[in-house]
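Peer 1: Dumping the structure here so I can ask a few things about it.
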Amino acid sequence: MKNILLLVVAVLLGIGGASQALSADIQTISKEELKSKLGSYEYTILDVRSDNHWDASDNKIPGAIRLPGDKVDVWAENFHKNTPLVLYCACEGLGTSGRLAQKLMEKGFTHVYALSGGWTEWLMNSYPVTHK
């Protein structure tokens, strides 16, 4: 019984460590900070929601550029690596935005942020949206 408990704890710690490995290097930006910067062009905002989430909504964060996940490689080749980027997806965690932020950092982008809380929390707080 003691061995089973130790195994369960070890597995849970391993799972937690795996998720931290993805997010450890990813910087986040709060929805409040992003909201305060809207219109300043300080960040390029990238909407990386899945096609299903994109199609299900008529709106996006003001100024956001749609970037389907399967187009990141092509887009990254044609964009300046020092441009500050904010990625957001539909989930409240780092899901797609975290995965793609990490991919962009691996391609040499130096100022990449994932929106904490994503599109879901942005809407829950009634922050500005614009028709896409």
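Peer 1: Looking at residue 109 and the list (1) part of a loop (DSSP other than H, G, I, E, B); (2) over 18 Å from residue 27 (Cα atoms); (3) modelled with pLDDT of 95 or more; (4) of a type in the set (A, V, I, L, M, F, W, C), which single condition is not satisfied?
Peer 2: Of everything listed in (1) part of a loop (DSSP other than H, G, I, E, B); (2) over 18 Å from residue 27 (Cα atoms); (3) modelled with pLDDT of 95 or more; (4) of a type in the set (A, V, I, L, M, F, W, C), residue 109 misses just condition (2).
Peer 1: If residue 112 satisfies all but one of (1) over 20 Å from residue 132 (Cα atoms); (2) without any contact (Cβ under 8 Å) to a residue 40 or more places away in the chain; (3) of a type in the set (Val, Ile, Thr), what's the number of the condition it fails?
Peer 2: Residue 112 satisfies all of (1) over 20 Å from residue 132 (Cα atoms); (2) without any contact (Cβ under 8 Å) to a residue 40 or more places away in the chain; (3) of a type in the set (Val, Ile, Thr) except (2).
Peer 1: What number of residues within segment 56-96 satisfy the criterion of being closer than 14 Å to residue 112 by Cβ, out of contact with any strand residue (DSSP E or B) (no Cβ under 7 Å at 6 or more places or on another chain) and aliphatic (A, V, I, L, M)?
Peer 2: Qualifying residue count for the region: 2.
Peer 1: Next question. If you scan segment 61-90, which residues turn out to be farther than 19 Å from residue 33 by Cβ and part of a loop (DSSP other than H, G, I, E, B)?
Peer 2: 67, 68, 78, 79, 80, 81, 82, 90
Peer 1: Just to be sure before I move on: is residue 96 in contact with a Gly (Cβ under 7 Å, 6 or more places away or on another chain) and closer than 15 Å to residue 27 by Cα in the structure I sent? Break it down stepwise before answering.
Peer 2: Details: in contact with a Gly (Cβ under 7 Å, 6 or more places away or on another chain): yes; closer than 15 Å to residue 27 by Cα: yes.
The answer is yes for residue 96.
Peer 1: Another question, if that's okay. Check residue 100 against each of (1) in a loop (DSSP other than H, G, I, E, B); (2) among the hydrophobic types (A, V, I, L, M, F, W, C); (3) within 10 Å of residue 48 (Cβ to Cβ) and name the one condition it does not meet.
Peer 2: Just one mismatch for residue 100, condition (1).
Peer 1: Could you tell me which of the residues 68, 84, 62 is in contact with a Pro (Cβ under 6 Å, 6 or more places away or on another chain) and touching a residue at least 12 places away in the same chain (Cβ under 8 Å)?
Peer 2: Testing whether each residue is in contact with a Pro (Cβ under 6 Å, 6 or more places away or on another chain) and touching a residue at least 12 places away in the same chain (Cβ under 8 Å) leaves just 62.
Peer 1: Sticking with this structure for a sec: Taking residue 58 and the conditions (1) modelled with pLDDT of 95 or more; (2) surrounded by 10 or more Cβ atoms within 10 Å (Cβ to Cβ); (3) not β-branched (Val, Ile, Thr), which numbered condition does it fall short on, given that it satisfies the others?
Peer 2: It is condition (2) that residue 58 fails.
Peer 1: For segment 36-60, how many residues meet the condition of being farther than 10 Å from residue 132 by Cβ and either assigned to a loop (DSSP other than H, G, I, E, B) or touching a Leu at 6+ places or on another chain (Cβ under 6 Å) (or both)?
Peer 2: The initial filter retains those residues of segment 36-60 that are farther than 10 Å from residue 132 by Cβ, namely 36-46, 48-53, 55-56.
Then drop every residue that is not either assigned to a loop (DSSP other than H, G, I, E, B) or touching a Leu at 6+ places or on another chain (Cβ under 6 Å) (or both), which leaves 38-44, 46, 48-50.
Of the residues in segment 36-60, 11 are farther than 10 Å from residue 132 by Cβ and either assigned to a loop (DSSP other than H, G, I, E, B) or touching a Leu at 6+ places or on another chain (Cβ under 6 Å) (or both).
The values are calculated or read from the model by the stated rules, or taken from the named source; none is laboratory data. What you see is a predicted model; the values in this text were computed from it and never measured. All Cβ positions, glycine included, derive from the backbone under ideal geometry; neighbour counts span all protein chains shown.
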